[in-house]
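Q: Have a look at this one.
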Amino acid sequence: MCNLYSQTKSQDAMRHVFDDVLEDDEELIDTSGNLPATPGIWPDHPAPIIRHLAGGNGASGFRLSLARWGMPTPPQFLAGRRTDPGVTNIRNLASPHWQRWFGVPHRCLVPFTSFAEPDSRSGPMKGKPIWFALGPDRPLAFFAGICTEWTSIRKLKEGEVTVDAFAFLTCDPNREVASIHPKAMPVILTRPEEWRQWLTTPFDRARHLQRPLPDGELQIVAEGAPEDAA
């Protein structure tokens, strides 16, 4: 389960990576404020996401905004609990709990430069984070995510809040991740045509994107550190 990732590219890089995706009547609107590089993003923390804008009488294209990591937990897992910080990773697309958010208005892309999985191998590194990226220069890519506005008590000291929340899909691991964490890896989208398909097409045309990144496309770029600041 991926419960730690980084996004260290500039805000301008996130805006312009979509230039080749935009059609003539579209734009990318940034409502996220001032975004610093974030070498360690943890559950329930705010992070940038990109969503589709419906068009109509308003803008058409995409929006870069902030949301908190963790979607509503299925009710059967909340018995006796006073808070719900949310679910970070989503695997079972057959669950009715998740299906309500599979439409285009609730799909998002989650920018990242690296992600960590706990080391399952025996030895001194067992349980420590192993960081994966598309290369040593940590190029920008995206997790396939879903999002919604959600009112809940995420923390007792915070009380009831209404937030934009997100989580991302997981799948079977590819070769590189399986050697460290054989259970799962995030669903990673690296090509502009995949980004647009995930954000704009009916779910029956987009659900095939829940698959491992091909073997050989990820590298281990750091080991043991709680953040990946590169």
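Q: If Glu23 satisfies all but one of (1) in a loop (DSSP other than H, G, I, E, B); (2) under 20 Å from the mean Cα position of the chain (by Cα); (3) not hydrophobic (A, V, I, L, M, F, W, C), what's the number of the condition it fails?
A: Condition (2) is where Glu23 drops out.
Q: Is one or more of the residues making up the range 45-61 closer than 24 Å to Thr113 by Cα and in a loop (DSSP other than H, G, I, E, B)? Please lay out each step first, then the result.
A: Quick first cut of the range 45-61, residues closer than 24 Å to Thr113 by Cα only: 45-52, 61.
Subset that is in a loop (DSSP other than H, G, I, E, B): 45.
Yes, because at least one residue in the range 45-61 is closer than 24 Å to Thr113 by Cα and in a loop (DSSP other than H, G, I, E, B).
Q: Please enumerate the residues belonging to the range 145-169 that are more than 21 Å from the chain's Cα centre (by Cα) and either within 15 Å of Arg100 (Cβ to Cβ) or β-branched (Val, Ile, Thr) (or both).
A: Restricting attention to the range 145-169, the residues satisfying the condition of being more than 21 Å from the chain's Cα centre (by Cα) are 153, 155-161.
Listed by number, the residues that qualify are Ile153, Val161.
Q: Determine the pairs where a residue that is surrounded by fewer than 15 Cβ atoms within 10 Å (Cβ to Cβ), located within the range 94-112, has a partner that is modelled with pLDDT of 95 or more and assigned to a loop (DSSP other than H, G, I, E, B) with Cβ atoms under 6 Å apart, the partner being 6 or more residues away or on another chain.
A: none
Q: Taking the options Thr151, Thr170, Thr162, name whichever one is of a type in the set (Ser, Thr, Tyr) and within 21 Å of Ser32 (Cβ to Cβ).
A: On the way: Thr151 fails: within 21 Å of Ser32 (Cβ to Cβ); Thr170 fails: within 21 Å of Ser32 (Cβ to Cβ).
Only one candidate passes the filter, namely Thr162.
Q: Can you give me the number of residues within the range 113-126 that are of a type in the set (Lys, Arg) and surrounded by 11 or more Cβ atoms within 10 Å (Cβ to Cβ)? Walk me through it before giving the result.
A: Looking only at the range 113-126, we keep the residues that are of a type in the set (Lys, Arg), and these are 121, 126.
Narrowing the set further to residues that are surrounded by 11 or more Cβ atoms within 10 Å (Cβ to Cβ) leaves 121.
Qualifying residue count for the region: 1.
Q: So, in the range 75-92, of the ones that are surrounded by fewer than 13 Cβ atoms within 10 Å (Cβ to Cβ) and not basic (Lys, Arg), which residue ends up nearest to Thr200 (Cα to Cα)? Show your work before the answer.
A: Here is the first cut: in the range 75-92, the residues surrounded by fewer than 13 Cβ atoms within 10 Å (Cβ to Cβ) are 75-77, 79-82, 92.
Next, only the ones that are not basic (Lys, Arg) stay: 75-77, 79-80, 92.
Working: Pro75: 29, Gln76: 31, Phe77: 32, Ala79: 36, Gly80: 39, Asn92: 21 Å.
Among those residues, the one meeting the criterion is Asn92.
Q: Is there a residue in the range 10-31 that is buried (at least 17 other Cβ atoms within 10 Å of the Cβ) and within 21 Å of Pro226 (Cβ to Cβ)?
A: no
Q: Contact list please: Cβ distance under 7 Å, first residue in the range 6-34 and closer than 26 Å to Pro186 by Cα, second residue assigned to a strand (DSSP E or B) and of a type in the set (Phe, Trp, Tyr), pairs at least six apart or on different chains.
A: Ser6/Phe112; Gln7/Phe112; Phe18/Phe62; Leu28/Phe62
Q: Right, something else. Residues of the range 189-216 being part of a loop (DSSP other than H, G, I, E, B) and either over 18 Å from the mean Cα position of the chain (by Cα) or free of Cβ contacts under 8 Å to residues at least 12 places away in the same chain (or both), which ones?
A: Going residue by residue through the range 189-216, those that are part of a loop (DSSP other than H, G, I, E, B) are 190-191, 201-202, 210-216.
Passing the criteria: Arg191, Thr201, Pro202, Pro214, Asp215, Gly216.
Q: With respect to the numbered conditions (1) surrounded by fewer than 18 Cβ atoms within 10 Å (Cβ to Cβ); (2) without any contact (Cβ under 8 Å) to a residue 60 or more places away in the chain; (3) outside any loop (DSSP other than H, G, I, E, B), which one is the sole condition not fulfilled by Glu176?
A: Looking at each condition in turn, Glu176 falls short on (1).
Q: Among Asp25, Asp19, Asp44, which is within 27 Å of Cys171 (Cβ to Cβ) and of a type in the set (Asp, Glu)?
A: Being within 27 Å of Cys171 (Cβ to Cβ) and of a type in the set (Asp, Glu) holds for just one of Asp25, Asp19, Asp44, which is Asp44.
Q: Only one of these is polar (S, T, N, Q) and in contact (Cβ under 8 Å) with a residue 60 or more places away in the chain: Thr73, Thr83. Name it.
A: Details: Thr73 fails: in contact (Cβ under 8 Å) with a residue 60 or more places away in the chain.
Answer to the selection: Thr83.
The values are calculated or read from the model by the stated rules, or taken from the named source; none is laboratory data. These figures come from a predicted structure and were not determined experimentally. Don't worry about glycine lacking a Cβ; one is built from the backbone with ideal geometry, like all the others, and counts go over all protein chains shown.
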